[in-house]
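Novice: Dropping a structure here in structure tokens format, bear with me for questions.
The values are calculated or read from the model by the stated rules, or taken from the named source; none is laboratory data. What you see is a predicted model, and the numbers here were worked out from it, not measured in a lab. Here Cβ is always computed from backbone atoms with ideal geometry, including for glycine, and neighbour counts include all displayed protein chains. Surface accessibility is based on the protein's heavy atoms, side chains included, excluding ligands, DNA and RNA. Shrake-Rupley method; radii C 1.70, N 1.55, O 1.52, S 1.80 Å.
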Amino acid sequence: MGLNYFKSRKRFDFSPHPFDVGNVLGLKRGYGNNHFLLKIYGIDKTGFEDYYTHHLNHFLSTGQGSEKDFLSHVWYIVQKRIEHFERKDPFSSEHPRHQSNIGKLTEFQQYLGTRDKWNIRPNDVLLKEKDGKIAELEAHIQDLEEQLKAHTKYGVAQKVYVEDGYLPTLIDLIQQLREVELPNGRSLLKSDHHSPYYKLVAKYFNHGGKEIPLDTARNYFVGKGEAPIKGSQVPDGRKLFRIVPVDEA
């Protein structure tokens, strides 16, 4: 007696689960594979997982085997049905339907590949998949290398030295630049975020020969009307310069 892989429709059940296989008379012995494959043609690929797990859960509940056994069987019958359609006369009036069925079965087979934790698929399929993954990773690595190359182009071998104790003075000058207006009344600098300013300070300056932590620089830059974090205000004694238009100097 063959294994009962798929959940079948009960005889004269007029409200079956949409994934149950068979017809109003139930499932004729030996036709389970055909009915299982037939339903695939009408399922969108977003429903493949629900369809697969519906029948997998039935198979597991019967105690007849494991998911590996179930997957092996499903992969086999899908592959054989694809080969069946591929052998059909390409000049037949049924050729468009055969091609459509092959396309749907191939999509389902690709889903099955995501369930294959045991490498039950043929070696040529696994090798093709691995080659594709390697090519994808190599392309990703190349993209990252290009990004790194572009990023390091703007790197500096030596940061600008800010005299020890005068980091707030630099911050004050940058904050003033953010408020400078051109003769036409437009702002010289525009940014919807504070990050370009504090990242500029942390990336390109050091304070007394030491790195400036990003959080330290961030604390100085707040929105209008917002109070800086305690200890991050620029003391009046470090506001040593004033940026003014040349005609006001």
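Novice: Identify the residue in the range 176-210 that is among the aliphatic types (A, V, I, L, M) and free of Cβ contacts under 8 Å to residues at least 40 places away in the same chain and, among all such residues, is surrounded by the most Cβ atoms within 10 Å (Cβ to Cβ).
Specialist: Top of the filtered list is VAL201.
Novice: Under the condition of being among the small types (Gly, Ala, Ser) and open to solvent by 30 Å² or more (accessible area, probe 1.4 Å), which residue from the range 62-107 is nearest to the chain's Cα centre (by Cα)? Can you show your working first?
Specialist: Filtering the range 62-107 for residues among the small types (Gly, Ala, Ser) gives 63, 65-66, 72, 92-93, 100, 103.
Retained after the next criterion (residues that are open to solvent by 30 Å² or more (accessible area, probe 1.4 Å)): 63, 66, 72, 92-93, 100, 103.
Numbers: GLY63: 37, SER66: 31, SER72: 29, SER92: 42, SER93: 42, SER100: 29, GLY103: 25 Å.
Among those that are among the small types (Gly, Ala, Ser) and open to solvent by 30 Å² or more (accessible area, probe 1.4 Å), it is GLY103.
Novice: Sticking with this structure for a sec: Does any residue of the range 220-234 turn out to be aromatic (Phe, Trp, Tyr) and open to solvent by 60 Å² or more (accessible area, probe 1.4 Å)? Please lay out each step first, then the result.
Specialist: Restricting attention to the range 220-234, the residues satisfying the condition of being aromatic (Phe, Trp, Tyr) are 220-221.
Narrowing further to those that are open to solvent by 60 Å² or more (accessible area, probe 1.4 Å): none.
No: the range 220-234 contains no residue that is aromatic (Phe, Trp, Tyr) and open to solvent by 60 Å² or more (accessible area, probe 1.4 Å).
Novice: Just checking, does the range 31-46 include any residue being open to solvent by less than 40 Å² (accessible area, probe 1.4 Å), touching a residue at least 60 places away in the same chain (Cβ under 8 Å), within 26 Å of TRP118 (Cα to Cα) and among the aromatic types (Phe, Trp, Tyr)?
Specialist: No: zero hits.
Novice: Answer yes or no as to whether ALA150 is open to solvent by 40 Å² or more (accessible area, probe 1.4 Å), at pLDDT below 90, more than 31 Å from the chain's Cα centre (by Cα) and more than 30 Å from GLY237 (Cα to Cα).
Specialist: On the way: open to solvent by 40 Å² or more (accessible area, probe 1.4 Å): yes; at pLDDT below 90: yes; more than 31 Å from the chain's Cα centre (by Cα): no; more than 30 Å from GLY237 (Cα to Cα): yes.
Taking the combined requirement at face value, the residue does not satisfy it.
Novice: Of everything in the range 186-214, what is assigned to a helix (DSSP H, G or I) and under 21 Å from TYR161 (Cβ atoms)? Give them in sequence order.
Specialist: TYR197, TYR198, LYS199, LEU200, VAL201, ALA202, LYS203, TYR204, LEU214
Novice: Tell me which residues, restricted to the range 111-132, are assigned to a helix (DSSP H, G or I), at pLDDT below 80 and either surrounded by 10 or more Cβ atoms within 10 Å (Cβ to Cβ) or not polar (S, T, N, Q) (or both).
Specialist: Across the range 111-132, the qualifying residues are ASP124, VAL125, LEU126, LEU127, LYS128, GLU129, LYS130, ASP131, GLY132.
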